[in-house]
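Peer 1: Below you will find the structure I want to go over with you.
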Amino acid sequence: MEQIKNKEFGGERPLFGSHNLRLQQVTIVDGESAIKQCSSIEAEDCRFVGKYPFWHVEKFTIDHCQFDAGARSALWYSSYLLMRNTRIDAPKMFREMHHIHLDDVVINDADETFWRCQYVEARNLDLHNGTYPFMFCDYVRINGLKCDSKYVFQYCKNVELHNANIVTKDSFWECENVSVYDSVLDGEYLAWHSKNVRLVNCHLAGEQLLCYCDNLVLENCTFDKACDRMFEYSTVKADITGHIENIKNPTSGHIVADSIGSVTIDKYVREPNNCIIETRK
């Protein structure tokens, strides 16, 4: 494997078409498409300043690197990436990619990040700021997610989260096959119009959560006191620990909680209108 160390590259496509290349303490300055149409690339302790550095790259590792704000849209149309201990300050990362593995990565501008990606695995991932991370993704597995970006996980399939702390709005809209364990989900309109959502040992906060859901399952979940108008037009099986303030117009299923503030069943409820709602005996 060829090695390049302590060098700086700029301009357009300086390392285009490189293969079996190891970069150490390399800086990619202003310019674009520095590492394009490449394969078997290792980058360690590198800094990326210019835009579009990794496009159409296969089998590459990025370790202890930094992407400055100008390195926008840095990783597109690529596959089989291992990224570790890396800080990203640029938006619009990870597009149309597959087989991504991330360990200890911080993204400080998560705007339009992870769009149309498949087979994403991550451990200790932080997402901050921006809108719509994880749009149209399929097969996502994350253990240790911190996220304050808006509208996270829209139109996704086959998502599994463990130990997540998400403060957002309109998350998990129109998703399918989502499982979340041991997590905090804080934000309005959680999981509207979604199918096969399962929440286990989670704490939920926000208004009008979990409406228009098909085959919604909650196991040992808790609700913030301010939560109201839960489960409208949803088919639901929910085991709630503690108190839930208000349940409104669930379509069918079974909801049990330690205590319930109020239940609203009005003329707008949908058939079959046979949900069993009860406090724990």
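Peer 1: Within the range 107-117, is there a residue that is modelled with pLDDT of 95 or more, basic (Lys, Arg) and touching an Asp or Glu at 6+ places or on another chain (Cβ under 6 Å)?
Peer 2: Going through the range 107-117, the residues modelled with pLDDT of 95 or more turn out to be 107-117.
Then keep just the ones that are basic (Lys, Arg); that gives 116.
Next, only the ones that are touching an Asp or Glu at 6+ places or on another chain (Cβ under 6 Å) stay: 116.
Within the range 107-117, one or more residues are modelled with pLDDT of 95 or more, basic (Lys, Arg) and touching an Asp or Glu at 6+ places or on another chain (Cβ under 6 Å).
Peer 1: Give just the number: which of (1) open to solvent by 50 Å² or more (accessible area, probe 1.4 Å); (2) under 19 Å from residue 123 (Cα atoms) does residue 62 not satisfy?
Peer 2: In the conditions (1) open to solvent by 50 Å² or more (accessible area, probe 1.4 Å); (2) under 19 Å from residue 123 (Cα atoms), residue 62 misses (1) alone.
Every residue, every condition in (1) hydroxyl-bearing (Ser, Thr, Tyr); (2) more than 22 Å from residue 145 (Cα to Cα); (3) touching a strand residue (DSSP E or B) at 6+ places or on another chain (Cβ under 8 Å), yes or no:
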{"site": "36", "(1), (2), (3)": "no, yes, yes"}
{"site": "59", "(1), (2), (3)": "no, yes, yes"}
{"site": "66", "(1), (2), (3)": "no, no, yes"}
{"site": "77", "(1), (2), (3)": "yes, yes, yes"}
{"site": "87", "(1), (2), (3)": "no, no, yes"}
{"site": "91", "(1), (2), (3)": "no, no, no"}
{"site": "96", "(1), (2), (3)": "no, no, yes"}
{"site": "118", "(1), (2), (3)": "no, no, yes"}
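Peer 1: If you don't mind, another one. If only one of 30, 68 is of a type outside the set (A, V, I, L, M) and touching a residue at least 24 places away in the same chain (Cβ under 8 Å), which one is it?
Peer 2: The match here is 30.
Peer 1: Under 8 Å by Cβ, and 6 or more places apart or on different chains, what pairs join a residue from the range 229-251 that is at negative phi and open to solvent by 50 Å² or more (accessible area, probe 1.4 Å) with one that is of a type in the set (Asp, Glu) and at pLDDT below 95?
Peer 2: Going by the 8 Å Cβ cut-off, the qualifying pairs are 245/228.
Peer 1: Inside the range 121-170, can you point out the residues that are surrounded by fewer than 18 Cβ atoms within 10 Å (Cβ to Cβ) and in contact with a Pro (Cβ under 9 Å, 6 or more places away or on another chain)?
Peer 2: 129
Peer 1: Name the single residue, out of those in the range 1-32 being more than 18 Å from residue 69 (Cβ to Cβ) and either in contact with a Phe, Trp or Tyr (Cβ under 6 Å, 6 or more places away or on another chain) or among the β-branched types (Val, Ile, Thr) (or both), that is most open to solvent (accessible area, probe 1.4 Å).
Peer 2: 4
Peer 1: Quick check on residue 50: is it without any contact (Cβ under 8 Å) to a residue 60 or more places away in the chain, out of contact with any Phe, Trp or Tyr (no Cβ under 7 Å at 6 or more places or on another chain) and open to solvent by 20 Å² or more (accessible area, probe 1.4 Å)?
Peer 2: On the way: without any contact (Cβ under 8 Å) to a residue 60 or more places away in the chain: yes; out of contact with any Phe, Trp or Tyr (no Cβ under 7 Å at 6 or more places or on another chain): yes; open to solvent by 20 Å² or more (accessible area, probe 1.4 Å): no.
So residue 50 fails the test.
Peer 1: Another one. Is it true that residue 219 is open to solvent by 60 Å² or more (accessible area, probe 1.4 Å), among the acidic types (Asp, Glu) and over 16 Å from residue 159 (Cβ atoms)?
Peer 2: For residue 219, the condition - open to solvent by 60 Å² or more (accessible area, probe 1.4 Å), among the acidic types (Asp, Glu) and over 16 Å from residue 159 (Cβ atoms) - is met.
Peer 1: Say whether the condition of being within 24 Å of residue 136 (Cβ to Cβ), out of contact with any Phe, Trp or Tyr (no Cβ under 8 Å at 6 or more places or on another chain) and open to solvent by 40 Å² or more (accessible area, probe 1.4 Å) is met by at least one residue in the range 197-208.
Peer 2: Yes, that holds for at least one residue.
Peer 1: Checking the condition free of Cβ contacts under 8 Å to residues at least 60 places away in the same chain and in contact with a Lys or Arg (Cβ under 9 Å, 6 or more places away or on another chain), which residue from 156, 137, 147 passes?
Peer 2: When all the criteria are applied, what remains is 137.
Peer 1: Answer with yes or no whether residue 37 is more than 17 Å from the chain's Cα centre (by Cα), within 20 Å of residue 5 (Cβ to Cβ) and surrounded by fewer than 17 Cβ atoms within 10 Å (Cβ to Cβ).
Peer 2: Details: more than 17 Å from the chain's Cα centre (by Cα): yes; within 20 Å of residue 5 (Cβ to Cβ): no; surrounded by fewer than 17 Cβ atoms within 10 Å (Cβ to Cβ): yes.
Taking the combined requirement at face value, the residue does not satisfy it.
Peer 1: Give just the number: which of (1) part of a strand (DSSP E or B); (2) within 12 Å of the chain's Cα centre (by Cα); (3) at negative phi does residue 113 not satisfy?
Peer 2: Status for residue 113: all satisfied but (1).
The values are calculated or read from the model by the stated rules, or taken from the named source; none is laboratory data. For clarity, every value in this text was computed on a predicted model and none was experimentally measured. Heads up, the Cβs are rebuilt from the backbone with ideal geometry, glycines too, and the neighbour counts pull from every protein chain shown. Heavy atoms of the whole protein, side chains included, go into the accessibility calculation; ligands, DNA and RNA do not. Shrake-Rupley method; radii C 1.70, N 1.55, O 1.52, S 1.80 Å.
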